Amino acid sequence: MRETPLTNCEKDFVKKSVAENRRIDGRQPYDTRKAKITFGVDRGSCQVQLGQTRVFAQVSCEVAEPKPSRPSDGILFVNLELSPMACPSFEAGRLSDYGVELNRLLERCLKESRCLDTESLCITTGEKVWSIRVDVHVLNHDGNIIDAASIAAISVLAHFRRPDVTVSGTEITIHPIEERDPVPLSVHHMPLCVTFAFFEQGKYLVVDPTDLEEKVMDGKMVIGMNKHREICTLQITGDIQLEKDQVLRCSNIAVVKVTEMTELIHKALDNDRQVRASGGKFGFAESISIEKVTSNQMKGSEINMEDAEEQASALVLSDQDSETPSDTIEDEETVVHVLNKGVGSIGQGGASQWTIDEEEAEKMQTEVKFKMTRTKSAHKNLPTATDGDLGDNSEEEETIVLGQDMKIISQQERQNSQKMQTKTGDVKMKKGKKYMKK
Amino acid sequence: MFSCYIVTFCSPRIRKTSSMAGMELLSDQGFRIDGRKPKELRRIQCRLGVFNQADGSAYIEQGNTKVLAAVYGPHETAGGRGKALHDRVLVNCQYSMATFSTGERKRRPRGDRKSKEMTMHLQQTFNAAIMTSLYPRSQIDIYVEVLQSDGGNYCASVNAATLALIDAGIPMKDYVCACSASFVKDCPMVDINFLEESSGGPELIVATLPKSSQIVFLEMNSRLHEDNLSKVLDVAVKGTKDVYQVLDNAVRDHISEVSAFHKLDQS
């Protein structure tokens, strides 16, 4: 389904507000949205909410043959799914260009940065290794999917436990969860992505763009970094030309954001571990508030109202200057009368413009009568369709004509009353079947 | 900790050097695997106007990487008026690797994820460089074919496409020159080949407009510490300036040859 295109007004508004260092949702240009990480009951599943963007990730493992070029390395496969559930412009099934871009970014961030120790996934060299698969599904798209997806993917890799394996001779035993405690994966470091959106050919930049800002931006830069200040991936997309110091400045900002986010992930993991250890309830169901089945809440945010009054009065004054004096509202009448809950009125309003004067009403009536008499005489002169013989020698039953008030009058009756009634509006109807009674 | 029957050899994971036995990316004397110094580019040979069917074409060899590029356009948008942009030209790229270009035979020359990604990157790069507002409702096609891949595929593709666009006479803001760089043993290296790429060290690819040093494309793989980013970026941008020198000389030589030929024809 095609997206509705963004109006020019909206685009200009967003660009103007970014130029004034303000954002539509009230954030500062370098602020990210609040992230919320919840883990599921199963090991290796989590949901991440970055503002309204929601992403779900799941890890699964199986034993497979290693790649021939790397016989002692396990396999890590990362996949990001964009379904129409997230945004109607995403196609089901076929991966669009945007999907390919996101997938490659996520792959580079996780696989090529060697965040997961693949050598520890080896069971027997050249024959059997663990193949770990991370699937990320986008549930709701409100901008910046890549950040949310990277948080979800790395949290889920840290959360997952794979079954324990013992190799004795040529026998390999995979212990089910009931027998032996599953083993965590060895994650070296946590690479997280931070997205920067650029406006006006790189002049203005915001961190963590929402969907609206993404549609308006000129281009974006994604930096994947871990908390040790190592850049794992860097990519610039879009029609922008940057200077070297802009790139360096962005990487400095990214360091701060990544450190914050890594702490948040660790806290979430700790919470989950404690709850599981103490035997409490955990999982997705616990994180959704009980009052609503579908929960889509927004926390109240503070808005700066200090200069609102001045701006409002300035606007009103400028309006007053431009309009004619008769249209302005006088000061005494700006009192609001509260009628009901949520209903208020200012002033009484003018007289109703819909009523007609008595004189005018009489005039109108005489006009109508005149018109009617004229039509009547016209009708008398012209032969009507119902005059004359309708041909009673037809084999069908006699024709029934519907009178003006839709009463069924037989032809004879009608001929009798022809002179008495006016004939406007007669409808002739041939009676084919006997379903109508006289 | 589980006990594994086969003992895997422990190598430092922070910066994984070449897994091949004994091969060092940077020797003690400061030479690389192929004998270059760290700041040296590979030998670039290029030729313009290799095809007569295409509006513009070029062939470039950067070391052992060989790339062909062909440009068609500006012409009417294929696919009807649906895809045409009302105020600028549509740049359509296709990046394809020949099946014989890599060590192991490639099953799919185009259409897999990495090729699609490359295609998008090329499109984006040239959208920024071509003066798109001069040809509204039209389309420019850029086809790039990699004949032999030895590292720096994207860079060679961008350089070849630039030459092909110049050969086709399409106005651009500036040359687009691309170069890659890496960081091994505290030393930034420029223009990396396949062995250095696959060793796992960081790889930074940058495409710039050389006269203004503005970056139109930047991509980095593997891990690089933030403190070293500035050095590596500098080296890469300098590399693009050197590439620009080579390409510019090649273009001027080509034009003087062609114009000399025409003068002889007229006389």
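Side notes on the structure shown:
- Over the stretch B:52-112, Cα pairs under 8 Å with separation of 6+ residues give a relative contact order of 18 percent.
- Site pair A:T170 and A:Q274 shows an inter-label distance of 5.1 nm when each label is modelled 7 Å from Cα along Cα→Cβ.
- Per-residue Karplus couplings for the stretch B:205-214, computed as 6.51 cos²θ - 1.76 cosθ + 1.60 with θ equal to phi - 60°, are listed in order as 10, 9, 10, 10, 9, x, 5, 9, 6, 8 Hz, Gly and Pro entered as x.
- Shielding by partners - mean other protein chain Cβ count within 10 Å, residues of A:98-106: 3
- Amide hydrogen proximity for A:I231: with H placed 1.01 Å from N in the peptide plane, the residues at 5 or more positions away or on another chain lying under 5 Å are B:L224, B:H225, B:E226.
- Averaging Cα coordinates gives a centre for the stretch A:18-67 and one for the stretch A:181-236; these two points are 12 Å apart.
- Only one residue of A:A158, A:L264, A:V134 has its Cα farthest out toward the positive end of the dipole of the stretch A:8-287, where Lys and Arg carry +1 and Asp and Glu -1 on Cβ, and that residue is A:L264.
- Top positive-direction residue, dipole computed over the stretch B:85-235 with Cβ charges, set B:L195, B:N127, B:C179: B:N127
- Within 10 Å of the Cβ of each residue in A:211-224, the mean number of Cβ atoms contributed by other protein chains is 1.
- Around the amide H of A:L192, modelled in the peptide plane, lie the amide H atoms of A:M225, A:N226, all under 5 Å away and 5 or more residues distant in sequence or on another chain.
- Evaluating 6.51 cos²θ - 1.76 cosθ + 1.60 at θ = phi - 60° for every residue in the stretch B:133-149, the Karplus couplings come out as 6, 7, 10, x, 6, 10, 9, 10, 9, 10, 10, 10, 10, 8, 8, 9, 10 Hz, glycine and proline recorded as x.
- Between A:S301 and B:F51, the modelled label-to-label distance comes to 5.1 nm, taking each label 7 Å out from Cα in the direction of the beta carbon.
- Between A:Q320 and A:D25, the FRET efficiency from the beta-carbon distance, with R0 = 25 Å, is close to 0.15.
- Translational D in µm²/s for the stretch A:8-287 (Stokes-Einstein at 10 °C, 1.306 mPa s, Kirkwood Rh from C-alpha pairs): 79
- B:N228 paired with A:K215, simple spin-label distance in nm, labels 7 Å along Cα-to-beta-carbon: 4.3
- Mean shadow area of chain B, taken as a quarter of the surface of its Cα convex hull (nm²): 19.3
- Applying the Karplus relation 6.51 cos²θ - 1.76 cosθ + 1.60 with θ = phi - 60° to the stretch A:91-100 yields 3J(HN,Hα) values of 8, 6, x, 5, 7, 6, 4, 4, x, 5 Hz, where x marks Gly and Pro.
- Legend: ranking of residues B:R43, A:R27, A:R33 from fewest to most surrounding C-beta atoms inside 10 Å; resulting order B:R43, A:R27, A:R33.
- Most mobile listed residue (B:A58, B:A84, B:A181) in chain B, GNM with C-alpha springs under 10 Å: B:A84
- Value of relative contact order over chain B, rounded to a whole percent, pairs C-alpha under 8 Å and six or more apart: 20
- For peptide B:209-220, the mean count of partner chain Cβ atoms within 10 Å of a residue's Cβ comes to 5.
- Using Cβ point charges alone (K and R +1, D and E -1), the dipole size of chain B about the Cα centre works out to roughly 520 debye.
- Amide H contacts under 5 Å for B:C177: B:T208, restricted to partners 5 or more places along the chain or on a different chain, H placed in the peptide plane at 1.01 Å from N.
- By other beta-carbon atoms within 10 Å, ranking A:M225, A:M305, B:M120, A:M261 with the fewest at the front produces A:M305, B:M120, A:M261, A:M225.
- Calculated FRET value between A:S345 and A:S60, using beta carbons and R₀ = 56 Å, to 0.05: 0.35
- Listed pairs A:K11/A:K203; B:K241/B:K263; B:K185/B:K238; B:K39/B:K185; A:K34/A:K111; B:K37/B:K116 exceeding 24 Å between Cα atoms: B:K241/B:K263; A:K34/A:K111; B:K37/B:K116
- Cα gyration tensor, the stretch B:142-267 - rounded (a/c under 1.5), prolate or oblate: prolate
Values in this text are rule-based calculations from the coordinates and carry no lab data. Predicted model, so just to flag it, every value in this text is computed and none were measured. Glycine also receives a Cβ, built like all others from the backbone with ideal geometry; neighbour counts cover every protein chain displayed.
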